[in-house]
1. Would you confirm, using the coordinates I've provided, whether L182 is buried (at least 21 other Cβ atoms within 10 Å of the Cβ), farther than 29 Å from A59 by Cα and out of contact with any His (no Cβ under 8 Å at 6 or more places or on another chain)?
2. Which of the residues spanning the stretch 149-168 are part of a strand (DSSP E or B) and either farther than 27 Å from L61 by Cβ or more than 20 Å from the chain's Cα centre (by Cα) (or both)?
3. Mind checking which residues of the stretch 110-148 are among the hydrophobic types (A, V, I, L, M, F, W, C) and under 15 Å from C210 (Cα atoms)?
4. Being modelled with pLDDT under 95, under 21 Å from the mean Cα position of the chain (by Cα) and among the basic types (K, R) narrows it down to one residue among R226, R244; which is it?
5. Going by the conditions given, is A94 more than 23 Å from K205 (Cβ to Cβ), over 19 Å from the mean Cα position of the chain (by Cα) and either surrounded by fewer than 19 Cβ atoms within 10 Å (Cβ to Cβ) or modelled with pLDDT under 95 (or both)?
6. Test I186 against the criterion of being β-branched (V, I, T), at pLDDT 95 or above and farther than 25 Å from Y248 by Cβ, and give yes or no.
7. Could you check the stretch 130-163 and list, in sequence order, the residues that are among the charged types (D, E, K, R) and either under 24 Å from A78 (Cβ atoms) or surrounded by 18 or more Cβ atoms within 10 Å (Cβ to Cβ) (or both)?
Amino acid sequence: MPLNIQSIDYVGVQPNGCIPPPDPDYREPLSPSQINGFLSCPASWYYRKQIGLPDKPTAALVIGSATHAGIAYALQRAIEGYPTDAPSAAGFAADEATVLLNDAQLHSERAKIEDTTARLVTVWHEAQYQTSNAARINVKASGKIAGIKVRGEADMIRKDDLIVDYKTASRKPNGISPAHQLQLGIYASLFAAKNAAVVTLVKTKVAQCCVETCKIDAGIKLQAERLVSIAAEGMASGLYWPNRQSLYCSRRGCSFWRECESEYGGTVPGEAEA
């Protein structure tokens, strides 16, 4: 529930009309994206996961999903023994973007989104396809970390057991971010992984493919244990506050800024998309 100071006491009284916090014993397994989402902004997590308000589709989400689909298409065919060239993989991704665009009602951005998606898949194919060494793709697993049920889906596991995660971004990454480190720490537990790589496809004028490898050491595993535990406890507490200091807090980037302003007051920065 959103934070309501007058209603809080030590036995967890719920404000009228608010959904009770989830029971940790019966909660569905938490994904890395849920945990990172809660740590980034508990209020946004509440609106999305507890109330079930829909996320507004964005061009970035469409490009990310379609790019993943194009890469998965090429890798799956490679695993099955059918080589795929760059135009075929890029064309598959662009077609996927078209489907997602129709669902997202982003018709005015169609040409730009399809072009960006195709360029990202093409630069990935040129840089990574021949050496991908894929064994499995979109591998799902579930388990427990610090007694909390978690789940994850690895984009690709190579024949040498290296876990590879694909990202799209508007800027070249400066190392593996804390959010991605948490994700890799969870994967280390679920897949017994010792090494991982994050492949970031950058949406610059000339698309880039940036690869950063990571040894999943004791520090990354400890971070996952601590943050999974903290996030689960926070979700169960029933106290969800907005993180207005977050770099991601903006009217353009958050689907729930109206609800947030109405509940908590103040002003969410930036301008909303038309």
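The values are calculated or read from the model by the stated rules, or taken from the named source; none is laboratory data. None of these values were measured; they are calculated from a predicted model. Please note: Cβ atoms are built from the backbone with ideal geometry, for glycine as well, and neighbour counts cover all protein chains shown.
1. When the stated conditions are applied, L182 does not pass them.
2. The first filter runs over the stretch 149-168 and keeps only residues part of a strand (DSSP E or B), leaving 149-158, 163-168.
Scanning the stretch 149-168 gives a single hit, R158.
3. So the first thing to find is which residues in the stretch 110-148 are among the hydrophobic types (A, V, I, L, M, F, W, C), and the list is 111, 113, 118, 120-121, 123-124, 127, 134-135, 137, 139, 141, 145-146, 148.
Passing the criteria: L120, V121, V123, W124, A127.
4. Numbers: R226 fails: modelled with pLDDT under 95.
Going through R226, R244 in turn, just one is modelled with pLDDT under 95, under 21 Å from the mean Cα position of the chain (by Cα) and among the basic types (K, R): R244.
5. Details: more than 23 Å from K205 (Cβ to Cβ): no; over 19 Å from the mean Cα position of the chain (by Cα): yes; either surrounded by fewer than 19 Cβ atoms within 10 Å (Cβ to Cβ) or modelled with pLDDT under 95 (or both): yes.
So A94 does not fit the description; no.
6. Values: β-branched (V, I, T): yes; at pLDDT 95 or above: yes; farther than 25 Å from Y248 by Cβ: no.
Taking the combined requirement at face value, the residue does not satisfy it.
7. Start the filter on the stretch 130-163 by keeping residues that are among the charged types (D, E, K, R), which leaves 136, 140, 144, 149, 151, 153, 155, 158-161.
Within the stretch 130-163, R136, K140, E153, D155, R158, K159, D160, D161 meet the criteria.
Per-residue answers, yes or no, for (1) on the phi < 0 side of the Ramachandran plot; (2) surrounded by 18 or more Cβ atoms within 10 Å (Cβ to Cβ); (3) in a helix (DSSP H, G or I); (4) in contact with a helix residue (DSSP H, G or I) (Cβ under 8 Å, 6 or more places away or on another chain):
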position	(1), (2), (3), (4)
K205	yes, no, no, no
V211	yes, no, no, yes
S229	yes, no, yes, no
R244	yes, no, no, no
C249	yes, yes, no, no
G253	yes, yes, no, no
G266	no, no, no, no
E271	yes, no, no, no
